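Contents: one structure, followed by commentary.
Every read-out reported here was derived from the displayed coordinates using simple, explicitly stated rules and does not represent laboratory data. For clarity, every value in this text was computed on a predicted model and none was experimentally measured. Quick reminder, even Gly has a Cβ in these numbers, built from the backbone with ideal geometry, and neighbours come from all protein chains shown.
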Amino acid sequence: MRLEDLTVIKAAPTPGDTKWFQHDRFGMFIHWGLYALPARHEWVKNHERIPTEVYDKYFRHFDPDLYDPELWAKAADEAGMKYFVITTKHHEGFCLWDSAYTDYKSTNTPYGKDILTPMVDAFRARGLRTGFYHSLLDWHHPDYTVDACHPMRDNADYIAQDAGRDITKYVDYLHNQTEELLKKYDPVDIIWFDFSVGPNAKFAGKGKETWRSEELLEKIRKIAPNIIIDDRLQIDQDVKTPEQYMPDGWVKVNGVPVVWEGCHTFSGSWGYYRDEETWKSVDQLLKMLIDSVSMGGNLLLNVGPTGRGEFDERAYDRLRGMGQWMKRHSRSIYGCTQAPLEFECPRDCRYTYNPDKQRLYLHMYNWNFGKIKLTGEVCEHVEYIQLLSDASEMRYSYYPEQQVIDIPLPVKKPLGADIPVLEIFLK
Ligand code: JFZ
């Protein structure tokens, strides 16, 4: 077969601009809010049914004196991340910017300053694109009614007061703040709403009718026509967002491959969780990145900064480790996607493919002893092979009658190539 006749899957087109997004592949999620102080999950208000008057102590003590977003941007940049998505507001309702529509914001805490502006400036200065995660849920707003995910869902008195709450006022607030953010920080590249609540026996859900999603989408596209919008307003837009699991193939909607981005934590929580110990290893995280790209998707990896305003050492450790690999191997990530369907991938390996450069990347999760073998269609297209980490030639033997290529491997894995990659130039 000719190279141009091979089957390279493309995601269905979307209303926004996903070209850069599908090129860049790797972003940083940041969950930061008052929940950094209890340091035991960003849902702590919900998990522990904490009333707003009690939760208020975190507002009164929020003072991240070590906050320096240039350090954050540097860490993301050096890890190889190309965009970031910050929680402008999470479910607790606390706002990181100086919003005209609320007093529940960083400027009114002991810290006294706007947090978002210097962050956006710092990441942009490093060339990263800007995304905002914005919670649809709001456990602080006085007009937000109780639902199955609300901290006060077991509190009869609080529920009784729902009669006096007007959710449409809250939704006006949501629309106003969205427009405010998009105008103030123009150009915002991604808006990541979260999430639509399903109904249960006791409470009505909140979905696209409640949020007035269609109207909100129209308002957003008017200000930022090319922005990337996620799927959690209950109307699919530009990107599907599988969370905390790895899909087993290119994500599809009604059988059609779509733009997708997996979001994952380093440990078991999005917000800073001091005593949580299920931190993933650098090796595991890199494999998540490679796996995502090998299935045509992106990876959004989350950091939960502390109440002092720092990434903790565990996060730095993972970011540095990923950066070390990315420094020499990012060519197998940026601009890459799933390999042509006709190519059989060797055991314990993953392919990614750069269709513009016509280069195939073979990631070896297991340093097979002695040799690695390519079989089938791919053999007919091999023009040159090198180890990506140091551009050292990989000699090989080609057996055209059997459609086999044998690539001898040194016994020892080359230094600096923890997950070794072969760069295969195709013809
Ligand atoms: C949501 C948030 O609740 C979470 O705190 C974090 O921000 C993550 C990125 O997004 O996670 C969800 C959202 C919805 C469901 C589960 C987790 N859900 O509907 O089951």
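Would you confirm whether or not segment 304-311 contains a residue that is more than 25 Å from LYS74 (Cβ to Cβ) and among the polar types (S, T, N, Q)?
no
Is it the case that segment 282-289 has a residue that's in a loop (DSSP other than H, G, I, E, B) and either within 16 Å of the ligand (Cβ to nearest atom) or in contact with an Asp or Glu (Cβ under 7 Å, 6 or more places away or on another chain) (or both)?
No.
If you go through segment 106-140 one residue at a time, how many are away from the ligand (no atom under 16 Å from the Cβ) and in a loop (DSSP other than H, G, I, E, B)?
Of the residues in segment 106-140, 10 are away from the ligand (no atom under 16 Å from the Cβ) and in a loop (DSSP other than H, G, I, E, B).
Being farther than 26 Å from ARG232 by Cα and either touching a residue at least 60 places away in the same chain (Cβ under 8 Å) or assigned to a helix (DSSP H, G or I) (or both) is the filter here; which residues of segment 76-105 pass it?
ASP77, GLU78, ALA79, GLY80
Of all helices (runs of 4 or more DSSP H) completely enclosed by segment 154-219, which ones contain at least 2 residues that are more than 16 Å from the ligand (Cβ to nearest atom) and without any contact (Cβ under 8 Å) to a residue 60 or more places away in the chain?
156-160, 167-184
Name every residue in segment 21-47 that is assigned to a helix (DSSP H, G or I), among the aromatic types (Phe, Trp, Tyr) and within 14 Å of the ligand (Cβ to nearest atom), in order of residue number.
Correct list: TYR35 only.
Name the residues in segment 235-264 that are free of Cβ contacts under 8 Å to residues at least 40 places away in the same chain and either of a type in the set (Phe, Trp, Tyr) or surrounded by 18 or more Cβ atoms within 10 Å (Cβ to Cβ) (or both), would you?
Those that are free of Cβ contacts under 8 Å to residues at least 40 places away in the same chain and either of a type in the set (Phe, Trp, Tyr) or surrounded by 18 or more Cβ atoms within 10 Å (Cβ to Cβ) (or both): LYS240, TYR245, GLY262, HIS264.
What do you reckon, is GLU276 over 14 Å from the mean Cα position of the chain (by Cα), within 16 Å of the ligand (Cβ to nearest atom) and either of a type outside the set (Lys, Arg) or exposed (fewer than 15 other Cβ atoms within 10 Å of the Cβ) (or both)?
Yes, satisfied.
Among the residues of segment 69-99, how many are among the acidic types (Asp, Glu) and surrounded by 21 or more Cβ atoms within 10 Å (Cβ to Cβ)?
1
I need the full set of residues from segment 17-53 which are crowded, with 23+ Cβ neighbours inside 10 Å and in contact with an Asp or Glu (Cβ under 7 Å, 6 or more places away or on another chain), in order please.
Result: GLY33, LEU34, TYR35, LYS45.
Which of the residues belonging to segment 379-417 are surrounded by 17 or more Cβ atoms within 10 Å (Cβ to Cβ), within 18 Å of ASN366 (Cα to Cα) and of a type outside the set (A, V, I, L, M, F, W, C)?
SER389
For segment 64-75: of the residues being free of Cβ contacts under 8 Å to residues at least 60 places away in the same chain and out of contact with any Asp or Glu (no Cβ under 8 Å at 6 or more places or on another chain), which is farthest from MET28 (Cα to Cα)?
Applying the filter and picking the extreme gives GLU70.
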